[in-house]
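Asker: So that we are looking at the same thing, I have put the structure below in structure tokens.
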Amino acid sequence: MNEKFEHLIERAERLMARIESVLPQPLTAPDWTAAIAWRYRKRSSGHGTLEPVRHVGAMQLGDLKEIEVQKEKIERNTRQFVQGQPANNVL
């Protein structure tokens, strides 16, 4: 093969390696069995990923104080959802 052509190919490969090093990694599906909660983390590159929340604080509805009206609304809304009736997204 022509020496100049080989040199061009080598330079192109080095350039591609440098470009690939700054590109975001390809997205992969999370392992949904790894956690019960997930958070979205945005990176400085502008791209983000879903990361498992390793330690989720266990709370019961009774642990929430001074919000009885709101809890009643959420409970009613959840019952409506489970029964197939119109319901709001409370998240």
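Asker: Between the stretch 50-91 and the stretch 15-40, how many Å separate their Cα centres?
Answerer: One Cα centre to the other: 31 Å.
Asker: Once amide H atoms are built 1.01 Å from N in the peptide plane, which residues 5 or more positions from GLY48, or in another chain, come under 5 Å H to H?
Answerer: The answer is ARG43.
Asker: Is there a quick way to get the dipole size of the chain? I mean about its Cα centre, with the Cβ of Lys and Arg at +1 and of Asp and Glu at -1; what is the value in debye to the nearest 20? Write down the numbers at each step before the final one.
Answerer: Details: 14 positive and 12 negative charges, 55 e Å.
I would put it at about 260 debye.
Asker: Continuing with this model, one more query. What is the chain's relative contact order, in percent, from Cα pairs under 8 angstrom and six or more apart in sequence? Let's see the in-between values first.
Answerer: Details: 38 pairs, mean separation 12.7, N = 91.
This gives 14 percent for the chain.
Asker: Let me ask something else about it. Let me know the Rg and Dmax you get for the chain when you use only its Cα atoms, in Å.
Answerer: 25.5, 80
Asker: How far apart, in nanometres, would the label points at ALA35 and VAL69 be if each is projected 7 angstrom from Cα along the Cα-to-Cβ direction?
Answerer: 3.5 nm
Asker: Give me the net charge for the shell around VAL53: Cβ to Cβ below 15 angstrom, other residues only, Lys and Arg +1, Asp and Glu -1.
Answerer: Numbers: positive: ARG39, ARG41, ARG54; negative: ASP31, GLU51.
Neighbour charge sum, excluding VAL53 itself: +1.
We did not get these values from a lab; they are worked out from the coordinates using the rules stated. Quick caveat: nothing in here was measured; it's all calculated off a predicted structure. Cβ sites come from the backbone with ideal geometry, for glycine too, and all protein chains shown count toward neighbours.
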